[in-house]
Structures are given as C-alpha cells and as structure tokens.
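Below is one structure, written out as structure tokens, with a few remarks after it.
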Amino acid sequence: VLDNGIAFYSSPKNKLIVFNEKSDSGHKHFDNGSFVLYRNLKPILVDSGRYTYHDICWRKYFKSPQVHNMAIVDGATTIDPFAVELTKFEKDGISVIVSRYKDALSGLNMLRCYGIIYDNSFLIADIVIGKGKHLLETFYTPSDDYNFVLNSSNDVYLYSNFGHETYSFLNHCALTPS
C-alpha cells in the first residue's frame, strides 16, 4: 500500500489495482473504493476513463461511480475525501486488500474487501456499516474484450469475446474463473 492511496496485487497471472486516496483535488473524480483487474496481462474490469474535459452531458457520467467498478448506497455515494483507508495483508496464498471509506452525505461507512485466493480466484465483498436498511448496488465496467451475460437462472457471467475465459459472479460479490 502506498501513501498516495493505491494498493497493488501483482503476480505473473493477475494484477489488481485499488484506489482510495485522501484528496479533494479538483482533478479528482469518483474513484475512491474502485479498482481495475487484469488477468494474463489483459484488462478485464477497467476504469472507463474521462473521455472529455468539455462540459457535455457525458462528462458527468464518465466521472461517476457507475463507471469506476464501485458500490453505491441508496442511489448515490459521495465519499468524504479525507475519511479513507487502505490496508493489505497476505498469508498462506491468500491476499486481501481492504478499502474503507465514509459517505459524506449519509455518514455510512463502507468496506470493500478484495480477496485473491491462490492467484486463481478473485472475491469482492461490499459491506455497509450503519443503522437502518440500505440499498447496495455494485457497478462494473468490463474492458472491450468482455461482456456481461445473464442466464435464465439470473446468474451473471463475464464472458470473453475470444471465448477462452468465463468468470462467474457468485452472490453478486465474487468473481471466479470457471
């Protein structure tokens, strides 16, 4: 974990980069708690990028949490840029990165745990800490080489356009090669 709020997991097979920086810079966009994932040096889940600095209708969308592989609580998440934390630990073939941040509007604390198990499975767990019931939505942006597929049982799969890889979402919070 670096002081600038970026954590890395890297192996010859997988790369995971997690963002959670303390900054309220005017150049910052809504990517605290976000990540990008590579497998076999190919991007799987990506940061969509900004596309434009001009004030057009798409600018707000491309800066939003919906295109940064993030979780959103109760329809909107506004992260307090100074209430963030990033932790990483590894033991016995399991690597875990925990991203903690606080929603500036609701005061809720959010935890996103990333687990890499024996460099073969990737797990995401989103946890909301606060009183009452809340709606938790997760958003992922696949690279151009992948598409989401919903089968008849409402299982979500991330399918490679090359046909070599399929990833299944278990309980809508885990990503494992199948």
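The values are calculated or read from the model by the stated rules, or taken from the named source; none is laboratory data. Given the structure is predicted, the values throughout are model-derived calculations rather than measurements. Note: ideal-geometry Cβ built from the backbone for every residue, glycine included; neighbour counts use all protein chains shown. Note: accessible area is taken over every heavy atom of the protein model, side chains too, but ligands, DNA and RNA are not part of it. Shrake-Rupley method; radii C 1.70, N 1.55, O 1.52, S 1.80 Å.
Some notes on this structure:
- Restricted to the stretch 116-137, and to residues there that are open to solvent by less than 50 Å² (accessible area, probe 1.4 Å) and closer than 27 Å to LYS13 by Cβ, the residue that is nearest to the chain's Cα centre (by Cα) is ILE124.
- Meets criteria (exposed (fewer than 14 other Cβ atoms within 10 Å of the Cβ), modelled with pLDDT of 75 or more and assigned to a loop (DSSP other than H, G, I, E, B)) for GLY163: no
- Candidates in the stretch 2-21 are the residues that are outside any strand (DSSP E or B) and surrounded by 16 or more Cβ atoms within 10 Å (Cβ to Cβ); of these, the one that is modelled with the lowest pLDDT is GLU21.
- Contact map, the stretch 3-22: residues that are without any contact (Cβ under 8 Å) to a residue 12 or more places away in the chain paired with residues that are small (Gly, Ala, Ser) and surrounded by fewer than 18 Cβ atoms within 10 Å (Cβ to Cβ), Cβ distance under 9 Å, separation 6+ or inter-chain. No pairs are found.
- Set side by side, the residues ASP24, ASP31 differ, and just one is open to solvent by less than 40 Å² (accessible area, probe 1.4 Å), out of contact with any Cys (no Cβ under 9 Å at 6 or more places or on another chain) and at pLDDT below 70, which is ASP31.
- Of all residues in the stretch 51-75, those satisfying the criterion of being part of a loop (DSSP other than H, G, I, E, B), open to solvent by 40 Å² or more (accessible area, probe 1.4 Å) and modelled with pLDDT under 75 are TYR51, TYR53, HIS54, ASP55, ILE56, LYS63.
- Residue check for LYS102: farther than 24 Å from TYR61 by Cα, among the basic types (Lys, Arg) and outside any loop (DSSP other than H, G, I, E, B): no
- LEU136 meets the conditions (1) modelled with pLDDT of 85 or more; (2) within 14 Å of ILE72 (Cα to Cα); (3) not hydroxyl-bearing (Ser, Thr, Tyr) in every case but one. The failed one is (1).
- Verdict on LYS88 being touching a residue at least 24 places away in the same chain (Cβ under 8 Å) and over 15 Å from the mean Cα position of the chain (by Cα): yes
- Within the option set LEU158, LEU105, LEU170, being in contact with a Phe, Trp or Tyr (Cβ under 6 Å, 6 or more places away or on another chain) and modelled with pLDDT under 80 holds for one residue only, LEU158.
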